[in-house]
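What follows is a single structure, written as structure tokens, with notes after it.
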Amino acid sequence: MLVRAAMYVAQVPALQLILSLLLALALSRPLVSFLTEGGHLRSNYRDEMLPCPLGLLIPAAALAALIPLALLAGLFSLNTLDLVGLPLILGVVALGIADDAFAGSSRGWRGHGGAALSGAFSTGALKAFGTLGLALAWCAVTQDGVARFLLASLVIVLATNLFNLFDLRPGRSVKVFVLVGLGCTLGAWSLDPLLSLGLWVGPILVCGALDLRERGILGDSGSNVVGVVAGIWLVLVLGTTGLAVAAAVLVLLTIYGEVRSINSLVESTPGLSHLDSIGRIVHRA
């Protein structure tokens, strides 16, 4: 009876997504309490001190979900595991946590690059080079052809960085993630890529809700993971030409974010500012 029930449960295509989502919901309150009581706080855009990094919830829930998924796969020879991008995503998690814990005053690629060129150690530079190495390694073993290999690597690296630039207002980076995911799902007309990344998508959505309601701040360990999952999603659904277009768009947005302000662009554009404000807490002066 137990084996039959396990086999039935394992047939649910969205099992990874459902388990990781439920575990993220269960772990969210303990994580917020842990960060608050431990003094792990950071000022937000209104100079209010909030728990940070909420992004720890994403790997915590995903790794916890691997326990039942792996047991089902190992004990009953069931196909419950889809580990697309696992080493790459976990590597970005580690780099984001290092940047959250030890980041200095340098900000942006110019700041981190300048610090590295001057001989100083920069966690931002470590994150940039580390993400590049991880992306190249993953794409080298998953992508066919030189053009696709290079374009996929570029998309993943730029997306990882860009979502960090989006993370200047509550819920913004996860809203962009949802839009990217919706576009990928509709464009591919398939739920397979979503379900392949379900281990991460569930916790990202829970983190986004907490971030939107100002229960905490994602931190680099959150926004960078959101970005790398979005980048992998794009790679899973786009052909080589689509990747070239995505890479061009990401390059332009990254350059704009470095020389101007994406935040100012969003807040000064009526349609974008309305979308950006949906669900956010209204603060009265």
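Just so you know, all these numbers are worked out from the coordinates, no wet-lab data involved. Just so we're clear, the structure is a prediction, and the values are computed from it rather than from any experiment. Here Cβ is always computed from backbone atoms with ideal geometry, including for glycine, and neighbour counts include all displayed protein chains.
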Seminar exercise, completed: In debye to the nearest 20, the charge dipole size for segment 2-277, taken about the Cα centre with +1 at each Lys and Arg Cβ and -1 at each Asp and Glu Cβ, equals 80
Problem set entry | Residue of 66, 56, 234 that the Gaussian network model of the chain assigns the largest fluctuation, springs spanning Cα pairs under 10 Å | 66
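Label segment 106-263 by shape, choosing from rounded, prolate and oblate, from the square roots a ≥ b ≥ c of the eigenvalues of the Cα gyration tensor; if a/c is under 1.5 it is rounded, and otherwise prolate applies when a/b is larger than b/c, oblate when it is not.
oblate
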Exercise. By Kyte-Doolittle mean hydropathy of at least -1.0 and Cα axial length of at least 18 Å, which whole DSSP H helices of the chain are selected?
Worked result: 15-37, 57-76, 86-102, 123-142, 146-166, 172-188, 198-212, 220-237, 240-259
Seminar exercise, completed: With only helices counted (DSSP H, runs n ≥ 4, each -39500 (n - 2.57)), the per-residue ellipticity at 222 nm for the chain, to the nearest 500, works out to -24000 deg cm²/dmol
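For residue 41 and residue 76, calculate 0.36 nm times their separation in residues minus their Cα-Cα distance, and state this gained length in nm to one decimal.
Gain on stretching residue 41 to residue 76: 8.2 nm.
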Exercise. So, by mean Cβ neighbours within 10 angstrom, what's the order for 85-92, 167-174 with the highest one leading?
Worked result: 167-174, 85-92
Exercise. Which far-off residues, 5 or more places away or on another chain, put their amide H under 5 Å from the one on residue 42, with H placed in the peptide plane?
Worked result: 50, 52
